[in-house]
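Colleague: The structure's right below; bear with me while I get my questions together.
The values are calculated or read from the model by the stated rules, or taken from the named source; none is laboratory data. What you see is a predicted model, and the numbers here were worked out from it, not measured in a lab. For neighbour counting, all protein chains shown are included, and Cβ atoms are generated from backbone atoms with ideal geometry for every residue, glycine included. We work out accessible area using only protein heavy atoms, side chains counted, and drop any ligands, DNA or RNA first. Shrake-Rupley method; radii C 1.70, N 1.55, O 1.52, S 1.80 Å.
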Amino acid sequence: MSQKNNNIKQVAIIGAGPAGLQAATVLSQNQVQVLLIDKQAKTGGHLEKWSHLFPDSRPSNEILKVLQQGIQKENIQFFKNKRVSKISKSNGQWELGTDDGLVINSDAVVIATGFNTFDAHQKEEYGYGIYPAVVTSENLESIFKGETTWPFNSSGKDLRFGIVHCVGSRDAKCGNLYCSKVCCVTAVKQAIELKKKFPGATVYCFYMDMRMFGTGYEELYQEAQTKYNIQFIRGRLSEASPSQDNRLQVKAEDTLLGRPAKLTLDMLVLMVGMIPAVSLEMKNDAVYLNQPAYGSSFITPDDVFLKMNHHQQAGLFITGACKGPASIPEVLQDAKATSIEVLNYFNNKIK
Amino acid sequence: MAGTKFGFFDANVRSINLDVETPETIEGVLHREPSLLKCIGCGNCAAMCTAGHFTDLRFYRLNLYLKRGLVNEIRKEAQNCMLCGKCQLTCPRGVNIRHAILLMSSIRP
Ligand SMILES: Cc1cc2nc3c(=O)[nH]c(=O)nc-3n(C[C@H](O)[C@H](O)[C@H](O)COP(=O)(O)OP(=O)(O)OC[C@H]3O[C@@H](n4cnc5c(N)ncnc54)[C@H](O)[C@@H]3O)c2cc1C
Ligand code: SF4
Ligand code: SF4
Ligand code: SF4
């Protein structure tokens, strides 16, 4: 990168999930040299793990393919298996450092590090990691994709599934007070998908509030009730334990009736929340991308109305779910907005 | 049951056992009034209901009893309805409440 043409600007994008891929596409279309870096071997971030997408049940491959085609350009270079751990700036040039000592220079930096899913082991009462029939929403996607097998006898009759909302979200015990926003609609998406796979099954969703924020989501919820007969019970599950016939016994309060309920299940799906993938720390004029700890917050924009894509220093941008829970359409739009801001910065329109 | 001996009820009496198979009578009501599935338990129907000021009648609760298979509770409460239809005017999900109550009150043990 030393022999660079001075008219051509370079941007380093940290994270090749939907947000990073979209920003790389738009910036490269505008004659910016893109250095795209991901700690994983493949691009796609979490999108690569999902089977079908809400709100319209589209196979995620379709979206992934478009995004991956967007980066098949000469002026985009992809660095795989590189975890960025440090960002610093000197003489108007940015310098990224990775865990294994690689140094990458650029004129601007976009952080698109996304999120991690909440570690369900922390909610011990649900028995994740102890009972094989307890899985996370993330695990269920890989079962849908055929990468993992069902944790119960899938030829069995009268199967019963439970879905627990808000696992690791809206929970001071887990250090996360916020709502992860996409898990209610993910629960509805997965409940419908389970009914499509097992039409004779009964599916219960245990929710605290149904937060169907996006266009078409409330309609999907109603469809889940009327067309698929999914049972929604308002109340959080207190615990899961093995039943005598080696299934799962769960207890919850049916808060709308004010009465406790108990039932036996063949599989329990935990709607794990989103937590930050990195925790930024400013030290000696450099920004460190640390592993998040209990209660770490997402990256905060300089102004939630006016500077949604900026973070503290001119030339340092943030985009996508690294700022907090978001859906794929949202992060794609956000990445386009971020790209405009990067171009404006290169054209000296913003300081 | 054992609990009553000491002058209190077994706590299990209040607990809902969702493993019990849904009675056919209930399937019948849901089949004949599918709009019941649309209910979101907002309580608007109950807030509107005049009978609810004097009795235990809460329509959304009737619907929940139905979905949880609690036939006895339904019969007891449904009888308090005057079929005035006020609830139905306000229901945001368009549940056909009066017809549902008629079906519920005709459930036989
Ligand atoms: C169970 C579940 C199901 C979902 N289903 C849907 C759905 O159906 N429809 C929908 O619209 N949304 C869905 N979402 C939300 C969707 O996954 C996110 O909106 C989207 O993945 C966010 O994109 P992103 O690029 O911001 O982050 P990510 O997808 O998390 O990508 C971030 C990338 O950054 C990389 N990275 C992180 N840190 C570093 C570092 N230090 N150095 C280098 N690389 C790094 C990661 O490896 C990753 O590739 C779902 C979420 C969950 C949890
Ligand atoms: S979106 Fe729904 S499940 Fe997820 S944290 Fe918010 S309320 Fe809970
Ligand atoms: S008003 Fe309608 S949606 Fe609301 S609780 Fe009553 S029946 Fe259900
Ligand atoms: S129809 Fe019955 S439930 Fe509805 S408002 Fe009148 S009395 Fe109440």
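Colleague: What is the local net charge at A:Y178, summed over the other residues whose Cβ is closer than 12 Å to its Cβ (Lys, Arg +1; Asp, Glu -1)?
Modeller: Once all neighbours under 12 Å are counted, the net charge is +3.
Colleague: Same structure, new question: For chain A, just run the numbers: alpha carbon Rg, then divide by 2.2 N^0.38 Å, N being how many residues it has. List each step's numbers first, then the result.
Modeller: Working: Rg = 22.0 Å, N = 351, 2.2 N^0.38 = 20.4 Å.
Rounded to two decimals, the normalised Rg is 1.08.
Colleague: Pick from A:G175, A:G15, A:G114: which residue has the top mean-square fluctuation in a GNM of chain A where Cα pairs under 10 Å get a spring?
Modeller: A:G175
Colleague: Taking the convex hull of the Cα atoms, report for chain B its projected area averaged over all directions, in nm².
Modeller: Numbers: hull surface 31.1 nm².
Averaged projected area of chain B's Cα convex hull equals 7.8 nm².
Colleague: Which entries in the list A:K251/B:K67; A:K189/A:K336; A:K195/A:K262; A:K82/A:K349; A:K145/A:K336; A:K49/B:K38 go over 24 Å, if you measure between the two C-alpha atoms of each?
Modeller: As for pairs spanning more than 24 Å Cα to Cα, those are A:K189/A:K336; A:K82/A:K349; A:K145/A:K336; A:K49/B:K38.
Colleague: Now, a different point. Between A:E281 and B:A47, what's the calculated FRET efficiency when r is the beta-carbon distance and R0 is 56 Å? Round to 0.05.
Modeller: My answer for the efficiency is 0.65.
Colleague: Given points 7 Å out from each Cα along the Cα-Cβ axis, report the B:S106 to A:K86 separation in nanometres with one decimal.
Modeller: Once both label points are built, they end up 8.0 nm from each other.
Colleague: Between A:K173 and A:I340, how high is the FRET efficiency from 1/(1 + (r/R0)^6) when r is the Cβ-Cβ distance and R₀ = 41 Å? Nearest 0.05.
Modeller: The formula returns an efficiency of 0.50 here.
Colleague: Okay, moving on. Dividing the convex hull volume of the Cα atoms of the stretch A:101-156 by its residue count, what figure in Å³ per residue is obtained?
Modeller: Numbers: hull volume 8.9 nm³, N = 56.
Given the Cα convex hull of the stretch A:101-156, per-residue volume reads 160 Å³.
Colleague: Per DSSP H run of at least 4 residues, take -39500 (n - 2.57); add these up for chain A, divide by its residues and hand me the 222 nm value, nearest 500 deg cm²/dmol.
Modeller: Value at 222 nm, helices only: -6500 deg cm²/dmol.
Colleague: I want the antiparallel fraction of DSSP beta bridges within the protein assembly as shown, as a percent rounded to 5.
Modeller: Bridges in the protein assembly as shown are about 50 percent antiparallel.
Colleague: Once both axes come from the Cα atoms, what is the angle between helix A:18-29 and the longest principal axis of chain A, in degrees from 0 to 90, rounded to 10?
Modeller: Between the helix axis and the principal axis of chain A, the angle is about 30 degrees.
Colleague: Could you name every residue in the stretch A:224-256 that has 10 Å² or more less accessible surface in the full protein assembly than in its own chain alone (probe 1.4 Å, ligands and nucleic acids excluded)?
Modeller: A:Q225, A:T226, A:N229, A:Q231, A:F232, A:I233, A:D254, A:L256
Colleague: Using a ≥ b ≥ c from the Cα gyration tensor of the stretch A:120-272 (square roots of the eigenvalues), is it rounded, prolate or oblate, where a/c under 1.5 gives rounded and otherwise the larger of a/b and b/c decides, a/b for prolate?
Modeller: Here the stretch A:120-272 falls in the rounded category.
Colleague: If you count, for each residue, the other Cβ atoms within 10 Å and average over each peptide, how do A:226-234, A:151-159, A:22-30 line up from highest to lowest?
Modeller: A:22-30, A:226-234, A:151-159
Colleague: What does the charge count near A:M267 come to, summing +1 for each Lys or Arg and -1 for each Asp or Glu among other residues with Cβ under 10 Å from its Cβ?
Modeller: Spelling it out: positives minus negatives among the neighbours equals +1.
Colleague: According to a simple spin-label model (label point 7 Å from Cα along Cα-to-Cβ), what is the distance in nm between A:K145 and A:T255?
Modeller: Roughly 3.4 nm, to one decimal.
Colleague: Okay, moving on. Order of A:118-127, A:181-190, A:303-312 by packing, highest average Cβ count within 10 Å first? Walk me through the numbers before you get to the answer.
Modeller: Values: A:118-127: 17.8, A:181-190: 24.6, A:303-312: 13.7.
The densest-packed peptide leads the list: A:181-190, A:118-127, A:303-312.
Colleague: With an 8 Å Cα cut-off and a minimum separation of 6 or more residues, compute the relative contact order for the stretch A:221-351 in percent. Spell out each step's value before the answer.
Modeller: On the way: 163 pairs, mean separation 15.7, N = 131.
That works out to 12 percent.
Colleague: Further question on the same structure: Tally Lys and Arg at +1 and Asp and Glu at -1 over the other residues with C-beta under 11 Å from the C-beta of A:I192: what net charge comes out? Mind showing how you got there, number by number?
Modeller: On the way: positive: A:K189, A:K195, A:K196, A:K197, A:K227; negative: A:E193, A:E223.
That works out to +3.
Colleague: Follow-up question, since we're still on this one. Compute the FRET efficiency between A:Q31 and B:T90 as 1/(1 + (r/R0)^6), taking r as their Cβ-Cβ distance and R0 = 41 Å, and round to the nearest 0.05.
Modeller: Between A:Q31 and B:T90 the formula returns 0.10.
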